[in-house]
Ligand SMILES: Nc1ncnc2c1ncn2[C@@H]1O[C@H](COP(=O)(O)OP(=O)(O)OP(=O)(O)O)[C@@H](O)[C@H]1O
Ligand SMILES: [Mg+2]
């Protein structure tokens with residue numbers, strides 16, 4: 001869908017729908033994605049950490065062995081359409097781990113056994129993504145978008161292809177109203193650098209993003225934490241309404257009020273990774289009474305259950321015995337027996353064929369072109385509206401080039417000028433390299449967790465994200481170095497012929513592309529931004545030393561010469577020097593501070609002699625350009641492969 005058309009359509013539809021009216025009265029719901037209900041079952045799920053042996057290094061250092069830690073033990077469960085299943089338990093009981101395991105998410109370092117079944121078919125990460133939503137415990141957003149822009153983007157990539165754009169815009173307004181986000185709809189989301197909507201509004205926004213598509217199964221990890229009691233109640237009502245529409249809702253809840261507790265249909269109590277109860281929420285009190293843990297009168301039952309199942313510091317043994325006894329009694333109870341029977345029935349008809357069929361389902365709702373268009377729109381908005389990214393970087397380019405220009409200003413065509421011009425060109429490449437590598441690592445690493453979450457949500461493909469990011473950022477990475485080059489070039493007084501200036505511009509832009517590729521690559525392989533920023537200088541400095549300025553290109557030790565051939569400093573510097581000195585004649589031999597009759601003084605009167613002195617050859621010009629292109633493309637492909645591997649859906 002065309003971006004402009006989408007925005008125009010949005011204005012028209014909102015005008016027609018009369019938002020002021022809509023904020024007071026919830027409009028008639030848009031019918032989206034109504035599918036048959038999904039019965040979601042998990043059978044004998046066990047999760048434990050992968051044990052590690054202690055390692056010795058040179059007989060001196062020894063890392064501690066890490067024994068296997070059991071987090072979930074043979075957990076069975078079933079969630080039916082039309083019901084809200086609330087998962088409760090003390091902190092550390094394994095609630096988030098269970099949700100992550102059901103969704104195949106965030107399981108690095110853990111081993112999982114058991115099966116997840118939806119409507120009698122084995123679930124795979126791909127098949128589940130297409131029909132589910134997951135509101136995670138922590139919120140991640142592009143901070144420079146407004147609430148409405150964020151939801152419009154979500155609507156474009158997450159709603160079914162055949163839903164017309166008017167319907168999508170109305171649906172966005174509908175969830176804004178439903179979650180009381182009307183007042184904040186046109187406010188920036190904000191983040192660390194700029195203040196935006198409140199924490200509670202962010203929580204509701206992540207919830208809104210997931211319910212936008214009315215997914216058949218909705219998983220929520222503590223959707224009410226951080227909300228006031230009124231808002232928590234509204235969120236629970238939205239969940240209850242979704243359940244009434246035939247959706248399956250599975251959520252973890254912390255400290256629900258008695259009123260909130262009364263909204264649950266089913267309750268799953270987890271204790272030390274085991275099932276302590278799964279059944280109707282209103283019958284849980286009776287179960288606890290039957291096992292000699294009655295809920296005191298006027299006591300919130302939710303608080304009582306969590307207290308009985310908690311591990312009290314100093315009384316671990318005793319608590320563990322109590323928990324084991326309760327889990328055993330539940331397993332023997334009629335509810336426990338019924339649960340195992342129900343799970344067995346769901347498991348009975350699973351075949352290998354089901355799994356291969358499930359794997360073929362595409363997790364993406366939008367076509368490649370729609371993903372491309374929506375992501376380009378969002379990247380552009382994020383860049384245009386982020387003052388740090390555009391304004392500061394342009395101002396920085398002006399200031400840096402003027403400072404460097406003043407230091408190297410007005411070089412003459414003489415012996416001192418040769419050294420200064422060469423130094424100025426090397427400083428130009430160094431400045432561009434360091435400036436851009438830190439900028440790209442910062443920007444890309446910050447956005448990477450958002451990309452990974454949205455990609456695993458089935459919103460867009462890795463290639464579309466990578467491609468649109470490069471294309472949208474391209475103008476910025478052309479304008480900024482051009483500002484630096486233009487100011488610096490004319491202040492220093494480099495070769496004044498117009499074609500020389502434009503060739504220098506091409507070389508500088510190619511160097512920028514190599515640096516960006518390296519920045520993307522490092523951002524994709526580093527586990528986090530701190531490591532990416534720490535390894536950047538370690539990588540750049542050796543390449544800089546082999547650039548031909550500090551160490552004569554002909555003097556690089558043979559065993560290190562391979563590093564020289566990977567140095568964009570060398571190719572960029574040599575190409576810029578050839579461009580600068582080729583054809584230059586009549587360089588003045590006057591150097592005021594040197595005795596020109598001394599034996600050590602050798603005058604360089606032509607550009608060729610300057611290049612010879614640095615062991616550079618004019619014939620290398622096209623090799624240098626070609627190598628810059630090869631490095632830019634090669635590193636970019638490696639960055640894409642690294643990102644692709646990171647974003648692979650693991651089975
Ligand atoms: N990747 C992991 N490696 C090692 N231990 C883990 C890992 N993930 C979870 N755990 C451990 O498993 C237990 C359960 O963690 P989980 O996050 O599921 O608890 P929770 O019930 O969601 O707690 P909370 O209510 O505090 O969010 C904790 O003791 C936690 O330390
Ligand atoms: Mg948790």
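Brief remarks on what is shown
- Evaluation of residue 36 against the conditions (1) farther than 30 Å from residue 370 by Cβ; (2) modelled with pLDDT of 55 or more; (3) loosely packed, with under 11 Cβ neighbours inside 10 Å shows that the sole unmet condition is (1).
- Scanning segment 425-474 for residues that are under 19 Å from residue 104 (Cα atoms), surrounded by fewer than 20 Cβ atoms within 10 Å (Cβ to Cβ) and touching a helix residue (DSSP H, G or I) at 6+ places or on another chain (Cβ under 6 Å) yields a count of 1.
- Counted residues, segment 260-287 - those being more than 16 Å from ligand 2 (Cβ to nearest atom) and either closer than 22 Å to residue 137 by Cα or touching a residue at least 60 places away in the same chain (Cβ under 8 Å) (or both): 13
- Taken over segment 214-241, the criterion of being within 21 Å of residue 127 (Cα to Cα) and either within 16 Å of ligand 1 (Cβ to nearest atom) or modelled with pLDDT under 85 (or both) is satisfied by 214, 219, 220, 221.
- Restricting the search to helices (runs of 4 or more DSSP H) fully inside segment 149-244 and requiring at least 1 residues that are within 16 Å of ligand 2 (Cβ to nearest atom), crowded, with 23+ Cβ neighbours inside 10 Å and in contact (Cβ under 8 Å) with a residue 12 or more places away in the chain gives 199-211.
- Residue match in segment 96-110 (condition: farther than 20 Å from residue 236 by Cα, in the same structural domain as residue 237 (by TED's automatic domain parsing), in a strand (DSSP E or B) and within 16 Å of ligand 1 (Cβ to nearest atom)): yes
- Within segment 114-148, the set of residues being within 16 Å of ligand 1 (Cβ to nearest atom) and in contact (Cβ under 8 Å) with a residue 24 or more places away in the chain comprises 114, 134, 135, 136, 137, 139.
- Test result for residue 79, buried (at least 19 other Cβ atoms within 10 Å of the Cβ) and within 16 Å of ligand 1 (Cβ to nearest atom): no
- Residue match in segment 154-166 (condition: touching a helix residue (DSSP H, G or I) at 6+ places or on another chain (Cβ under 8 Å) and within 16 Å of ligand 1 (Cβ to nearest atom)): no
- Given (1) touching a helix residue (DSSP H, G or I) at 6+ places or on another chain (Cβ under 6 Å); (2) under 18 Å from residue 251 (Cβ atoms); (3) more than 16 Å from ligand 2 (Cβ to nearest atom), number of the condition residue 132 does not satisfy: (1)
- Look at segment 82-98: where a residue is in contact (Cβ under 8 Å) with a residue 60 or more places away in the chain and a partner is assigned to a helix (DSSP H, G or I) and within 13 Å of ligand 1 (Cβ to nearest atom), sitting 6+ places away or on another chain with Cβ atoms under 6 Å, you get 87/95; 89/95; 90/306.
- Failed condition for residue 127, given (1) within 13 Å of ligand 2 (Cβ to nearest atom); (2) closer than 17 Å to residue 248 by Cα: (1)
- Count of residues meeting criterion [at pLDDT 85 or above, closer than 21 Å to residue 216 by Cα and touching a strand residue (DSSP E or B) at 6+ places or on another chain (Cβ under 9 Å)] in segment 244-278: 12
- Of all the residues in segment 86-106, those that are at pLDDT 90 or above and away from ligand 2 (no atom under 16 Å from the Cβ) number 0.
- Failed item, numbered, when residue 422 is tested on (1) crowded, with 18+ Cβ neighbours inside 10 Å; (2) more than 20 Å from residue 579 (Cα to Cα); (3) out of contact with any helix residue (DSSP H, G or I) (no Cβ under 6 Å at 6 or more places or on another chain): (2)
- Residue match in segment 325-334 (condition: in contact (Cβ under 8 Å) with a residue 40 or more places away in the chain and not in a helix (DSSP H, G or I)): yes
The values are calculated or read from the model by the stated rules, or taken from the named source; none is laboratory data. All of these numbers come straight from a predicted model, not from anything done at the bench. Because the Cβ atoms are built from the backbone with ideal geometry, glycine has one as well, and the counts that use them run over all protein chains shown.
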